[in-house]
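Please read the structure below before turning to the comments.
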Amino acid sequence: ALYFVDNNSQPAFGGRLSLSFRLGETGNLTLGASGMYGTYDPDNELDYLVLGADLVLRVEKWVLRMEYLVRRTKMALSDTPEARFRYGPGADGKFDPYQLKSGWYLETEYPVGAGFELLGRFDGMYRVGNVSQSSALRAESLILRYTLALSYRVVEQFRIKLSGEFYEFSDFDDEAAIHLGLVGAF
């Protein structure tokens, strides 16, 4: 039961490129881009493409991070897609086999005292494509999350973090949450 066999014969291809720049004595900027392409089925007919871009800016004690990822995946339609998928064919009478998912975040942190850091974050996910018959999702779905947090460094690798989050859902009721946790960096 613990032995797995790769179900396709073709390798995926991918890579990452990043550039870093010093911004005087007190800062730096790093830009990155990445991509990956491959198939995930035994017949090598169902492909995926993942592309990403990121940025990290540090100026003295302030840090800003951003990342954006997009994935396009070809789904198996089967002989009867109308029985499998919730949304019918397009104007051309055919089912679109592709699903597009993207996600992003924008995060900033700044030390505000002995061992304390203030963090702010905005992130989201967006999906376009068909879903299974039983899914409650629409053909286009969006989730947005807004976070404000305060963390305290107990020791170098461990922090106590208190955060408040607000979630906006396109397909469900909005939610708010408060978290208190122990965070470990390894």
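The values are calculated or read from the model by the stated rules, or taken from the named source; none is laboratory data. All figures in this text were calculated on a predicted structure; none of them were measured in a lab. Using ideal geometry, Cβ is built from the backbone for each residue, glycine included, and neighbour counts are taken over all protein chains shown. Accessible surface areas use protein heavy atoms only, side chains included; no ligands, DNA or RNA. Shrake-Rupley method; radii C 1.70, N 1.55, O 1.52, S 1.80 Å.
Would you tally the net charge around Asn28, using a Cβ to Cβ cut-off of less than 9 Å, leaving Asn28 out, and scoring K and R as +1, D and E as -1?
Net local charge, Asn28 excluded: +2.
Within segment 36-116, report the GluC sites (Glu not before Pro) that DSSP leaves as loop and that have at most 16 other Cβ atoms within 10 Å.
Counting only loop positions with at most 16 other Cβ atoms within 10 Å, the GluC sites (Glu not before Pro) in segment 36-116 are Glu45, Glu60.
Identify all aspartates and glutamates with a Cα-Cα distance to Lys61 below 20 Å; exclude those on the same chain that are fewer than 8 residues away in sequence.
Within the straight-line limit of under 20 Å, Lys61 reaches these aspartates and glutamates: Glu25, Glu107, Glu109, Glu117, Glu156.
If the elastic network links every pair of Cα atoms under 10 Å, which of Gln99, Gln133, Gln157 fluctuates the most in the Gaussian network model of the chain?
Sorting by GNM fluctuation, first place goes to Gln157.
Could you identify which residue out of Ala83, Ala114, Ala139 has the top mean-square fluctuation in a GNM of the chain using Cα springs shorter than 10 Å?
Ranking Ala83, Ala114, Ala139 by mean-square fluctuation puts Ala114 first.
In a Gaussian network model over the chain where Cα atoms closer than 10 Å are linked, find which of Phe166, Phe158, Phe122 has the largest mean-square fluctuation.
Judging by the Gaussian network model, the answer is Phe158.
Could you work out what % of the accessible surface of the chain is carbon and sulfur, using a 1.4 angstrom probe and leaving DNA, RNA and ligands out of the count?
Carbon-and-sulfur percentage of accessible area, whole number: 61.
Which value results for Rg/Rh of segment 100-150 when Rg is the Cα radius of gyration and Rh the Kirkwood radius based on the inverse mean 1/r?
1.25
Hey, can you find the accessible area per residue of segment 57-186 for me, probe 1.4 Å, expressed in square angstrom?
65 Å²
Which whole-number percentage describes the relative contact order of segment 51-152, with Cα contacts under 8 Å and a sequence gap of 6 or more?
Normalised by residue count, the contact order of segment 51-152 is 25 percent.
Once the cut-off is 29 Å, how many percent of the Cα-Cα pairs in the chain end up in the long-distance tail?
So the portion of pairs separated by more than 29 Å is 45 percent.
Only loop residues by DSSP count here, and only those with at most 12 other Cβ atoms within 10 Å; note down the trypsin sites (Lys or Arg not before Pro) in segment 80-186 that meet that.
Taking segment 80-186 and a limit of 12 other Cβ atoms within 10 Å, the loop trypsin sites (Lys or Arg not before Pro) found are Lys94.
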